[in-house]
Amino acid sequence: MFTSKIDPQSCFEGNKLEMVCSVYTDNIEVQWYKEKEQLHACENMLINTNKNQHMLTIEKATIMDSGKYYVKAGNVQMEIPVIVKDMFRRPLVDVTIMEGLDTKFEFETEEENVPVQWFYNKKEIIESTERRQISRLQGRVHTLTILKTRLEDSGKYSIRIKAYDTTVDLHVKEMPETIKNMSVYDREEFLKAANTGTTTRYNIRVMIVGKQSAGKTCLLRRLMNEEIDDVISTDGINIERRKCHIDIKTGEWYFSSSDKNPLDFSTNQREEFAICGFWDFAGQKEFYATHQTFLSANAVYLLVIDISEDFKSKTYENMIEKEFDSIGEYIDFWLDNIHCYCTDDKKTQTQGSKDMVLNPPVIIVGTGIDKIPDNDRNERKQKFLKHLTDTMSTQPKRRHFRKPYFLSNKFPSDYKEEFLELRKDILRKAKDLSNWEENLPARWVVLEKAILHNDGKGKMSACENRKVILYTEAQCLADKCSFPNVQQETSELNSFLKYEHAIGNIVFFKEVKEYIVLDPEWLVDVFRCFVSHEYNDDTLGMPEWDVLAKTGKLEDTLIETLLQKVPCLNLTKHKHYLLELMEEFGIIVKPKNHASRNDIYMPCMIKSMPFQEIFGKVDVETKYCKKSSWLCLVFNFLPPSYFNHVLVSFVKNNPLFYDTEDSRLGIYRNVGIFQLNNSGSEILVICLSKNLIAMKVLQFNSSEDVCYSNIKTKLINLVDSIKLRYRINVTYEIRFKCHGGSLIDNKGIGYDEALEKSEYLCTEHKRMHLSKEIYRFWLKV
């Protein structure tokens, strides 16, 4: 029946496979089979006949085409074994990688020197570029390398060999925002570690802020399923160590004291759970300067207000030295502070508005609803929301607001649904933050857990509960967690510790690295010792306390006494380290004056004095005194701690004026007076007013006009560096005021306007000033 035989067939996948036979006459019916199934023509398979010759063609053979084929003519059939060989010894595979690392696609073919085309999202990569490099090794191995991979490199990559195509995916993980904000050196250390493997970590930080006695700590207890019988007013700032875990899929919360808790909190965290930690801030005004140390852009803020109180805001002029009169002013104040960390949330839009909402999210929690009669509660809530809308409708900071909640800490069972929904909402808002689902080097996550759950046998007292460890202990733990050569080379360990410091897990400064503070509550206890509004009777009777309140000088005997306020923490043991740490945070400072270079000053503890009384010590009306104009940096909002950093920096780098009459240095609450030269004939005054930092120079016995543009540049550079260090989004403009101008308002003349106009009208003195007389002290034109 057949006039020719078909030999066993083999080819590489992707190639064309042809089987040809011939029969005696062209009227014989021929059928093709694979195994027992008859074959029919389709897109990839052709069956042709040319007189007595019959052909089966597979255009692109695949591994699945291997098997036993049969060609049947009448009652006679012929078997043809077919083997389609894998084209690859090693196939092209999907790649998941951290941005910043080099991506390498690689495969190896069975055949040598086969032509290969590369494609990205169906577009051919014609040739190597600076970032994309195509190569072939030893005739069989083909690679595509993408240097310093970017997020936009994600997509589908494919190869074509002859008629064969295969496609894989590149998924680029985003580098954590915190790492992006660190130095180039630290980012390189992070990438080196990420190259050995990454894992996903979920963290939630909840900041509870608001007025004193508004129910912040009680709210925290209720969210944690705890009783509130023993709650007292939070002293300064309190960080609850009783964290909880949240199932990121179901939203269910698990507490360490709960019988249904599925996790052992001392062991590794399961990836499907997020760790949720709470920070409970005091409402007393005295502590606002310390709060900025702990605020973060990557947090959910619960702004707690007692709905039963008066909420109408009053204009808080000179806010620096006065208490707020209403909860409306607290809302204003906290929103301004939180707005300093604002970022766009591109995932969400406010309902009924085209405005993009801002992160961090702020959830207003109205407590004290039980204090209002039942019939008046709805009306009270509506009035509050209307007042909020009316006062905030034109302000960008309103875009931080999310859905508010009204509940009672006293009767939580009556508001069970509200508490349940609030918990779910916290998780939803946390998922919108940039630090959600962070990808970290696997060994960093292992070390983090090793440090934070270290039992610390032997080196620290049990009372300290491992709140502080030695840097050398961290080295040993890093060695066990596969950090390379960590005993000799600590660069990666330092980068890891700086990252943990930046996200608020620990306190670490490379310049002061004898110890590592594992628990920020320990640092809070230190702040309490020095800044608390409640002191032991012993301290109130100490003359050193009076010296601190009047001059800011912190005597050693007072330091020893204050550190003993929390005996179980054994703070005196770490005295030297604590003082260095407080210097790093800008809480204390050592003056540059030679005679006082070993003295310690604490500006935030100096008792307030009227500005004119301070300024009058150097501001004399005499023909021998030339006075510059005021150079002002006018801010949209100035956080309470910001000027303290500015003042401390100037104290470090410039000798303070010495007041011989009062026998004290020229450092005051929100004011610093400095000598610009050795003779003392040039005096610089720098001070704080509402949302304004101003400075002025007085020249004595000088016939020459001196330009202080270098001082202006130092101030601006310092302000910008503080913005960068604390990642605070504040904006300011440069303005000038005449030398006799008041700092109560932010008027005067703007920088550009002063250069454009020859004169301007001074609204305070109701007369014209030459613009050049205003800016010549500060600008070289």
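Confirm whether V30 is of a type in the set (V, I, T) and farther than 29 Å from E110 by Cα.
Taking the combined requirement at face value, the residue satisfies it.
Which one of these is at negative phi, modelled with pLDDT under 90, in a strand (DSSP E or B) and open to solvent by 60 Å² or more (accessible area, probe 1.4 Å): L761, L724?
Answer to the check: L761.
With the stretch 17-69 as the region, which strands (runs of 3 or more DSSP E) entirely inside it contain at least 3 residues that are over 21 Å from K85 (Cα atoms)?
Strands (runs of 3 or more DSSP E) meeting the threshold: 30-34, 45-50, 53-58.
Please work out which residue is least open to solvent (accessible area, probe 1.4 Å), limiting yourself to the stretch 400-417 and to residues that are in contact with a helix residue (DSSP H, G or I) (Cβ under 9 Å, 6 or more places away or on another chain) and in a helix (DSSP H, G or I).
H400
Could you list all residues from the stretch 741-752 that are touching a residue at least 12 places away in the same chain (Cβ under 8 Å) and either open to solvent by less than 90 Å² (accessible area, probe 1.4 Å) or in contact with a His (Cβ under 9 Å, 6 or more places away or on another chain) (or both)?
G741, S742, L743, N746, G748, I749, G750, Y751
Looking at the stretch 89-120 only, could you name the residues that are open to solvent by less than 80 Å² (accessible area, probe 1.4 Å), in contact with a Gly (Cβ under 8 Å, 6 or more places away or on another chain) and at positive phi?
If the condition is that a residue be open to solvent by less than 80 Å² (accessible area, probe 1.4 Å), in contact with a Gly (Cβ under 8 Å, 6 or more places away or on another chain) and at positive phi, then no residue fits.
Would you pick out the residues in the stretch 67-104 that are closer than 14 Å to R160 by Cα and either of a type in the set (D, E, K, R) or touching a residue at least 60 places away in the same chain (Cβ under 8 Å) (or both)?
M87, P91, L92
Looking at (1) more than 37 Å from the chain's Cα centre (by Cα); (2) closer than 20 Å to E511 by Cβ; (3) aliphatic (A, V, I, L, M), find the lone condition where V589 falls short.
(1)
Return the residues of the stretch 177-226 that are hydrophobic (A, V, I, L, M, F, W, C), free of Cβ contacts under 8 Å to residues at least 60 places away in the same chain and either surrounded by 23 or more Cβ atoms within 10 Å (Cβ to Cβ) or closer than 16 Å to L101 by Cα (or both); say none if nothing qualifies.
V184
Identify all residues within the stretch 107-131 that are outside any strand (DSSP E or B), of a type in the set (A, V, I, L, M, F, W, C) and touching a residue at least 12 places away in the same chain (Cβ under 8 Å); write none if there are none.
V114, V116
Within the set of pairs 6 or more residues apart or between chains, which connect a residue that is in contact (Cβ under 8 Å) with a residue 12 or more places away in the chain inside the stretch 377-405 to a residue that is open to solvent by 90 Å² or more (accessible area, probe 1.4 Å) and assigned to a loop (DSSP other than H, G, I, E, B) with Cβ atoms less than 7 Å apart?
Filtered contacts from the stretch 377-405: H387/K312.
Of (1) surrounded by 22 or more Cβ atoms within 10 Å (Cβ to Cβ); (2) closer than 22 Å to I744 by Cβ, V719 satisfies all except one. Which?
Condition (1) is where V719 drops out.
Could you please let me know if Y642 is farther than 16 Å from K617 by Cβ, of a type in the set (F, W, Y), touching a residue at least 12 places away in the same chain (Cβ under 8 Å) and open to solvent by 20 Å² or more (accessible area, probe 1.4 Å)?
no
Taking the condition under 23 Å from N44 (Cβ atoms) and of a type outside the set (F, W, Y), does T167 pass?
Yes, satisfied.
Which residues, taken from the stretch 727-753, are within 29 Å of the chain's Cα centre (by Cα) and outside any loop (DSSP other than H, G, I, E, B)?
Y732, E733, I734
Among the residues of the stretch 694-718, which ones are within 20 Å of V671 (Cβ to Cβ) and out of contact with any helix residue (DSSP H, G or I) (no Cβ under 7 Å at 6 or more places or on another chain)?
Across the stretch 694-718, the qualifying residues are A694, K696, V697, L698, Q699, F700, Y708, I711, K712, K714, L715, I716.
Of the numbered conditions (1) open to solvent by 50 Å² or more (accessible area, probe 1.4 Å); (2) closer than 21 Å to G740 by Cβ; (3) out of contact with any strand residue (DSSP E or B) (no Cβ under 6 Å at 6 or more places or on another chain); (4) not in a helix (DSSP H, G or I), D619 satisfies every one except a single condition; which is it?
(1)
Quick one: how many residues across the stretch 310-367 are over 24 Å from the mean Cα position of the chain (by Cα), modelled with pLDDT of 75 or more and among the hydroxyl-bearing types (S, T, Y)?
2
Given the conditions (1) of a type outside the set (A, V, I, L, M); (2) out of contact with any Phe, Trp or Tyr (no Cβ under 6 Å at 6 or more places or on another chain); (3) modelled with pLDDT under 90; (4) outside any helix (DSSP H, G or I), and given that E613 satisfies all but one, which numbered condition is not satisfied?
With respect to (1) of a type outside the set (A, V, I, L, M); (2) out of contact with any Phe, Trp or Tyr (no Cβ under 6 Å at 6 or more places or on another chain); (3) modelled with pLDDT under 90; (4) outside any helix (DSSP H, G or I), E613 is out only on (4).
So if I check each of T250, T290, which one is among the polar types (S, T, N, Q), open to solvent by less than 50 Å² (accessible area, probe 1.4 Å) and either at negative phi or modelled with pLDDT under 55 (or both)?
The unique qualifying residue is T290.
Going residue by residue through the stretch 586-599, is there one that turns out to be at pLDDT 85 or above, hydrophobic (A, V, I, L, M, F, W, C), out of contact with any strand residue (DSSP E or B) (no Cβ under 8 Å at 6 or more places or on another chain) and crowded, with 20+ Cβ neighbours inside 10 Å?
Checking the stretch 586-599: at least one residue is at pLDDT 85 or above, hydrophobic (A, V, I, L, M, F, W, C), out of contact with any strand residue (DSSP E or B) (no Cβ under 8 Å at 6 or more places or on another chain) and crowded, with 20+ Cβ neighbours inside 10 Å.
Test T472 against the criterion of being modelled with pLDDT of 90 or more, of a type in the set (S, T, N, Q) and over 27 Å from the mean Cα position of the chain (by Cα), and give yes or no.
yes
Sort out which residues of the stretch 405-455 are among the aromatic types (F, W, Y) and within 25 Å of I305 (Cβ to Cβ), and write them in order of number.
Once the filter is applied, which keeps residues that are among the aromatic types (F, W, Y) and within 25 Å of I305 (Cβ to Cβ), the stretch 405-455 yields Y405, F406, F411, Y415, F419.
Determine, yes or no, whether L427 is of a type outside the set (S, T, N, Q), modelled with pLDDT of 90 or more and open to solvent by 40 Å² or more (accessible area, probe 1.4 Å).
Spelling it out, it is not the case that L427 is of a type outside the set (S, T, N, Q), modelled with pLDDT of 90 or more and open to solvent by 40 Å² or more (accessible area, probe 1.4 Å).
The values are calculated or read from the model by the stated rules, or taken from the named source; none is laboratory data. No experiment lies behind these values; they were computed from the predicted model shown. Cβ atoms come from the backbone with ideal geometry, glycine included; neighbour counts cover every protein chain shown. For accessibility, only protein heavy atoms count, side chains too; no ligands or nucleic acids. Shrake-Rupley method; radii C 1.70, N 1.55, O 1.52, S 1.80 Å.
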